[in-house]
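The values are calculated or read from the model by the stated rules, or taken from the named source; none is laboratory data. Given the structure is predicted, the values throughout are model-derived calculations rather than measurements. Here the Cβ positions follow ideal geometry from the backbone for every residue, glycine too, while neighbour counts run over all protein chains shown. Quick note on the areas: whole protein, heavy atoms, side chains included, nothing else; ligands and nucleic acids left out. Shrake-Rupley method; radii C 1.70, N 1.55, O 1.52, S 1.80 Å.
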Amino acid sequence: MILGFGEYEQQARALAAEAGRAYDDVLVHRFPDGESMVRLPDALPPRVVLCRSLDHPNDKLIELVLAAAARVLGAQHLTLVAPYLCYMRQDRSFHSGEAVSQRIIGNLLAGHFDALVTVDPHLHRVHSMEQAVPTGHSLALLATDPVGDFIGQRVPGALLVGPDGESEQWVARAAARAGSDYVVGTKVRHGDRDVDIDLQGDFEGRDVVLVDDVASTGRTLEAAARIIQAQGPASISVVVTHALFAGDALQRLEAVGIRNVWSTDSIPHPSNAIPLAPLLAGALVV
């Protein structure tokens, strides 16, 4: 059985349909003091999948821990499908006294789930999901095939651009899938909202698609778009796996001439255009 939460119900139901599994809701009530009550179906099969993306994660993490009470209702094996996985960036202490969030949250999830499936996790020095979340079966899927198929259909012949070196693994695979060329820039980050980009390429008259795994503030995409726009491209679009788009990110991207912003449905957002259910269903341990 696949269990979904209210804010991610549409995607969880799509996953259940794609996988040919029964679906039910996890009901969550939040009390005035901020605490949560979680209610599960009365009886559960031996293998249960909880599907919830972990953007804005703090309440969601506590509710997932509470939902692990599925074990007392008959579940013997719990899989977490978290298309967006939180707290993965900090894999070491950069300054004295900093908590290493990846290790802490990874161990928290591994303590309650037997398996984990996620998509395009934002890892740096740790490249194995099993290192980050030691469940015994932690799997990181790449969204590059559905992203590449989408770009090939919507913007055939586009030049794909990775705004920085971290994005190269995604843009190269997506470009191969779409049958497109690609270039990759380099980035120097001065702070959460201050980045410089060095991007070389011939963009004049081209349909250009910026491809990245996650867009949070959008500053990196904005800086890359300014460089491309100076050469007079035919169009600039953006495709990301995880559409966080905090604050005025979308408005700033529109202001620098980005025509389209598309994302997978890993995080519910108006830009969602690429469903992940087919990708996720093939990876379920059920």
Among (1) open to solvent by less than 30 Å² (accessible area, probe 1.4 Å); (2) out of contact with any helix residue (DSSP H, G or I) (no Cβ under 7 Å at 6 or more places or on another chain); (3) not in a helix (DSSP H, G or I), the one test that residue 12 misses = (3)
Got a sec? Which helices (runs of 4 or more DSSP H) wholly within segment 199-286 have at least 2 residues that are over 30 Å from residue 6 (Cα atoms)?
-> 219-229, 249-255
Condition test on residue 105, is it surrounded by 16 or more Cβ atoms within 10 Å (Cβ to Cβ), over 21 Å from residue 278 (Cα atoms) and of a type in the set (Val, Ile, Thr)?
-> yes
Can you confirm whether segment 86-97 contains a residue that is open to solvent by less than 10 Å² (accessible area, probe 1.4 Å) and either farther than 22 Å from residue 265 by Cα or touching a Pro at 6+ places or on another chain (Cβ under 6 Å) (or both)?
-> yes
Just a yes or no: is a residue in segment 119-131 within 24 Å of residue 11 (Cα to Cα) and among the acidic types (Asp, Glu)?
-> yes
Run down 198, 207 and say which single residue is more than 13 Å from the chain's Cα centre (by Cα) and open to solvent by 60 Å² or more (accessible area, probe 1.4 Å).
-> 198
Within segment 61-77, which residues are open to solvent by less than 20 Å² (accessible area, probe 1.4 Å) and of a type outside the set (Asp, Glu)?
-> 61, 64, 67, 68, 70, 75
Looking at this structure, is residue 50 surrounded by 17 or more Cβ atoms within 10 Å (Cβ to Cβ), in a strand (DSSP E or B) and on the phi < 0 side of the Ramachandran plot?
-> yes
What do you reckon, is residue 44 among the aliphatic types (A, V, I, L, M), open to solvent by less than 80 Å² (accessible area, probe 1.4 Å), more than 27 Å from residue 246 (Cβ to Cβ) and touching a Gly at 6+ places or on another chain (Cβ under 8 Å)?
-> yes
Under the condition of being outside any loop (DSSP other than H, G, I, E, B) and closer than 15 Å to residue 40 by Cα, which residue from segment 15-29 is least open to solvent (accessible area, probe 1.4 Å)?
-> 26
Being touching a residue at least 40 places away in the same chain (Cβ under 8 Å) and under 17 Å from residue 8 (Cβ atoms) is the filter; apply it to segment 240-262 and report the residue that is most open to solvent (accessible area, probe 1.4 Å).
-> 244
